[in-house]
Amino acid sequence: MADHPPETGHPRLPTDTDNGLLLIISGPSGVGKTTITRGVERSIPGSVFSVSYTTRAKTEADVEGVDYHFIDHDEFQELIDQDAFLEWADVFGKRYGTRQKWVEEQLARGRLVILEIDVEGAKQVKAKMPEAFGVFILPPSEEELLRRLQSRKRESEELIQKRFAEAQHEIREAKACDVYDRFIINEDLDAAIQEAIMHVKAARIAHGNRSENAPS
Ligand code: 5GP
């Protein structure tokens, strides 16, 4: 049993589990959560991004195996039938899910495992793994979120309004459930990334301390 934190030179074994932490990052579309997620992943050693499975169509910006594993409806259903998902949800009419086995393997290696998932999926994860740390990214205001969705020029005005209504609903849901430990307002992207990193580092230390030495 380790009685020193890893930075003191105690070698970490592949079976060490004390510092593995599951991080859930959620937020409405257009809020900048992917950039924040990738910023956390780059800045925290030993962190890994969980590549979800989805039935949504691959866009030109997507890289298979990096952004998502793109599969069809039957393949997704097979994974549900095999009970392979830690969580899965229907988002904008398409299915998205996280493979349980991979997450467990990474946690067993002491990694910080990052899930970028919606509120419904986050609720499922928190019910199964209450120690997961949840971060929800908020826009500075609803007006600003609508402006950001419109400025992406990716979608029709009708779809933008639909996404905006869904975003408002998701924010209300996130505030009402007790899944999220921290809410971060993305007013300035760099500041939001730094804030997320700070909270995650603190959560990791607190999590490690539960099975290692308590601070004196
Ligand atoms: P997009 O298609 O824009 O990449 O993602 C749409 C939404 O699906 C986002 O809110 C994203 O967080 C969510 N999402 C992505 N992967 C997963 C997943 O594995 N599970 C769940 N529940 N939601 C996901």
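Less than 5 angstrom separates the built amide H of ASP181 from those of GLY134, VAL135, all sequence-distant by 5 or more or on a different chain.
Tell me what the chain gives for mean residue ellipticity at 222 nm when only DSSP H runs of n ≥ 4 count, each as -39,500 (n - 2.57), the sum divided by the residue total, rounded to 500 deg cm²/dmol. Could you put the intermediate results ahead of the total?
Working: 7 runs with 92 residues, N = 216.
The per-residue figure over the chain is -13500 deg cm²/dmol.
Across region 21-32, computed HN-Hα scalar couplings (Karplus, 6.51 cos²θ - 1.76 cosθ + 1.60, θ = phi - 60°) run 9, 9, 10, 9, 10, 10, x, x, 5, x, 8, x Hz from first to last residue, x flagging Gly and Pro.
Every pair of different Cα atoms in region 31-150 enters the Kirkwood calculation, which places the hydrodynamic radius at 15.6 Å. A Förster radius of 30 Å combined with the Cβ-Cβ distance from TRP102 to GLU143 puts the calculated FRET efficiency at roughly 0.15. Look at the alpha carbon pairs under 8 Å that are at least 6 residues apart: their mean separation over the length of the chain gives a relative contact order of 32 percent. A Cβ-based charge dipole, computed about the Cα centre of the chain with Lys and Arg at +1 and Asp and Glu at -1, lands at about 340 debye. Under the simplified labelling scheme, the THR35-ALA191 pair shows an inter-label distance of 1.4 nm, with each label point 7 Å from Cα along Cα→Cβ. For LEU86, the residues 5 or more places off, or on other chains, whose built amide H falls under 5 Å of its own are THR98, ARG99, GLN100. Quantify how much of the Cα-Cα distance distribution of region 121-216 extends past 17 Å, in percent. In whole percent, the long-distance tail amounts to 62.
Residues THR35, THR54, THR98 in ascending order of nearby Cβ atoms (within 10 Å, fewest first): THR35, THR54, THR98.
Measuring between their Cα centroids, region 151-202 and region 53-104 lie 21 Å from each other. Our coupling estimate for region 147-164, obtained by passing each phi through the Karplus curve with A = 6.51, B = -1.76, C = 1.60 and θ = phi - 60°, is 4, 5, 4, 5, 6, 5, 6, 8, 10, 5, 4, 4, 5, 4, 5, 5, 4, 5 Hz, Gly and Pro reported as x. For region 100-151, the pair-distance distribution built from all alpha carbon pairs, in bins 5 Å wide starting at 0, is 4, 15, 21, 19, 14, 9, 9, 8, 1 percent. Label positions at ASP74 and ARG152, each projected 7 Å from the Cα along the C-beta direction, are separated by 3.1 nm.
Pairs over the 22 Å Cα-Cα cut-off, from the set LYS94/LYS175; LYS101/LYS123; LYS33/LYS175: LYS94/LYS175. Normalising the Debye intensity of the chain to I(0), with uniform scatterers on Cα atoms only, and taking log10 at q = 0.17 Å⁻¹ returns -1.28.
Each value in this text was obtained by applying a stated rule to the coordinates, not by laboratory testing. Model, not experiment: these values are computed from the prediction. Reconstructed Cβ throughout: ideal geometry from the backbone, glycine too, with neighbour counts over all protein chains shown.
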